[in-house]
Amino acid sequence: MADPDVMDKLVSLAKRRGYVFQSSEIYGGTGSVWDYGPLGVELKRNIRESWWSRMVLQREDVEGMDSAILMNPKVWEASGHVEGFTDPLVECRTCKKRFRQDQLAQMACGRKPSQAPGEAESCELGEPRLFNLMFRTFMGPVQDDGHTVYLRPETAQGSYVNFLNVQQTARQKVPFGIAQIGKAFRNEITPGNFIFRTREFEQAEMQFFVKPDADDEWFDYWSAERMAWHRSLGIRPDRLRMHEHGPDELAHYAKKAVDVEYHFPFGWKELEGVHNRTDFDLARHQETSGKRLEYIDSGAGERFLPYVIETAVGVDRTLLAVLADAYVEEEVEGETRVLLKLHPRLAPMKAAVFPLVKKDGLPEIARGIVKDLRRAALPAFYDESGSIGRRYRRQDEAGTPWCVTVDGESAEDGTVTVRDRDSLDQVRVPAEGLVEWFRDRLAEADPAS
Ligand code: ATP
């Protein structure tokens, strides 16, 4: 069941624990832009690294690159974005809000989605007009049409225009891919649902170049592979599904498309798109630039424009799915416990270390453990304030998988207690062996490797 209340709880937890803050909050915020706090930035980095490791580092047939946000404006003419990257905008004269015509269910003045535009008494709709979603600015000091540039709305075009640079310098043969993670900007008409739809966001995209007759086979391969990645993040399988686009949903460049969808608290929504873009983009760039972009297969003695299978996922949107999926409220001894059951590999902090009391040398032992763990690239947090129960609760909400308590026995025999966030089980472990102990647990919990 979709549960919109969970979103309010998540937004407030995200702020309370330092995951996500509203951008420019002291000035009343900015239209749908968010900042990542100390824990959020680590979670985001872990998601990015999981993608990069699986898509680039573990494969010989995908190369990474990082293209610039600003590009020659001809790129966006060739790609069709200047003309066609538009949404139909309608304005309601009653509530004065602007909506995407294809998302009228969200209208603020209470109009029901089943009613045809203009039917409701409370609502007066204007004529739809096409609104281009690209942000525009000027390159250099002269601010006129001749100096217009765009903030990229996707990373993909940077990979297409560098197709031959990457292929030749990395000495790749088709089939191979180009992967990028980077910021994208879209002047969305109706942003919302926290970090689900924003105007500045991050994408992790991979363009896989194949022989034109091998496109269906690779499309199926990448659809399955991408679903497997989402599952590897620990997201519950019953909240993930595939949705194939019908003919009326397909983008202008796509022959076939599937979305990986997640069951968010506000319903099933797209998390990632896998698209068969054919040779549309390379053909358009070849035509507009006048430069040949064909791949030369010297072995077979042929040249051709490859087809492209694209996988495109939002990093922020994945982070929201990961948070929403991890959010759990449960009853423990008559009290409600709120926890984030984050996959240990994604969790920003791997451990929190507490001295049971602030005396008898326990704080020093605990601080020593934090230092050792951090040196071993296991982020750990020291906390001596409040009762042990309160310290546990803070870490449960922050999603820290393990809490280490240093007590009187630790000073005598060098052992500490490790408490598991999910099972609440406690075990005694020698403090000296903690780094190995955590590494073993992380390796056990890591289905992606
Ligand atoms: P939508 O239909 O939701 O507008 P789209 O089909 O235009 O999305 P793509 O262009 O395929 O999306 O972008 C790939 C991915 O980038 C999406 O699946 C999503 O995860 C992410 N994404 C797209 N737009 C936004 C946005 N405004 N805010 C956050 N993430 C986004």
Helices (runs of 4 or more DSSP H) wholly inside the range 5-102 that include at least 3 residues being open to solvent by 60 Å² or more (accessible area, probe 1.4 Å): 38-52
Residue identified as in contact (Cβ under 8 Å) with a residue 60 or more places away in the chain, assigned to a helix (DSSP H, G or I) and within 16 Å of the ligand (Cβ to nearest atom) among T318, T288: T318
Flag if H252 is open to solvent by 30 Å² or more (accessible area, probe 1.4 Å) and in contact with a strand residue (DSSP E or B) (Cβ under 6 Å, 6 or more places away or on another chain): no
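Can you tell me how many residues within the range 174-189 are outside any loop (DSSP other than H, G, I, E, B) and either at pLDDT below 95 or not β-branched (V, I, T) (or both)?
Going through the range 174-189 one residue at a time, the tally reaches 8.
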Subset of the range 171-193 [in contact (Cβ under 8 Å) with a residue 40 or more places away in the chain, within 20 Å of I309 (Cβ to Cβ) and either open to solvent by less than 40 Å² (accessible area, probe 1.4 Å) or within 16 Å of the chain's Cα centre (by Cα) (or both)]: Q172, V174, F176, G177, I178, A179, Q180, I181, G182
Residue selected from the range 235-249 under the condition of a type in the set (K, R) and open to solvent by 70 Å² or more (accessible area, probe 1.4 Å), by the criterion farthest from D213 (Cα to Cα): R236
Residue ID - most open to solvent (accessible area, probe 1.4 Å), chosen from residues in the range 291-315 that are in a strand (DSSP E or B) and away from the ligand (no atom under 16 Å from the Cβ): R303
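Would a scan of the range 214-225 turn up a residue that is modelled with pLDDT under 95, closer than 25 Å to V308 by Cα and of a type in the set (S, T, Y)?
Checking the range 214-225: not a single residue is modelled with pLDDT under 95, closer than 25 Å to V308 by Cα and of a type in the set (S, T, Y).
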D215 vs. criteria more than 30 Å from D102 (Cα to Cα) and either charged (D, E, K, R) or within 14 Å of the ligand (Cβ to nearest atom) (or both): yes
Helices (runs of 4 or more DSSP H) wholly inside the range 333-432 that include at least 3 residues being under 24 Å from S232 (Cα atoms): 388-398
Residue match in the range 431-442 (condition: closer than 25 Å to G40 by Cβ and touching a helix residue (DSSP H, G or I) at 6+ places or on another chain (Cβ under 9 Å)): yes
Qualifying residue in the range 190-212 (condition: in a helix (DSSP H, G or I) and modelled with pLDDT of 95 or more): yes
Residues satisfying the stated conditions in the range 264-284, i.e. acidic (D, E), surrounded by 19 or more Cβ atoms within 10 Å (Cβ to Cβ) and near the ligand (Cβ under 9 Å from one of its atoms): E272
Odd one out for S387 among (1) free of Cβ contacts under 8 Å to residues at least 24 places away in the same chain; (2) within 30 Å of R48 (Cβ to Cβ): (2)
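Can you tell me how many residues within the range 151-173 are within 16 Å of the ligand (Cβ to nearest atom) and assigned to a loop (DSSP other than H, G, I, E, B)?
Here the count works out to 4.
The values are calculated or read from the model by the stated rules, or taken from the named source; none is laboratory data. This one's a predicted model, so the numbers in the text were calculated from it and none came from an experiment. All Cβ positions, even for glycine, are placed from backbone atoms using ideal geometry, and neighbour counts span all protein chains on display. Calculation scope for accessible area: heavy atoms of the full protein, side chains included, ligands and nucleic acids excluded. Shrake-Rupley method; radii C 1.70, N 1.55, O 1.52, S 1.80 Å.
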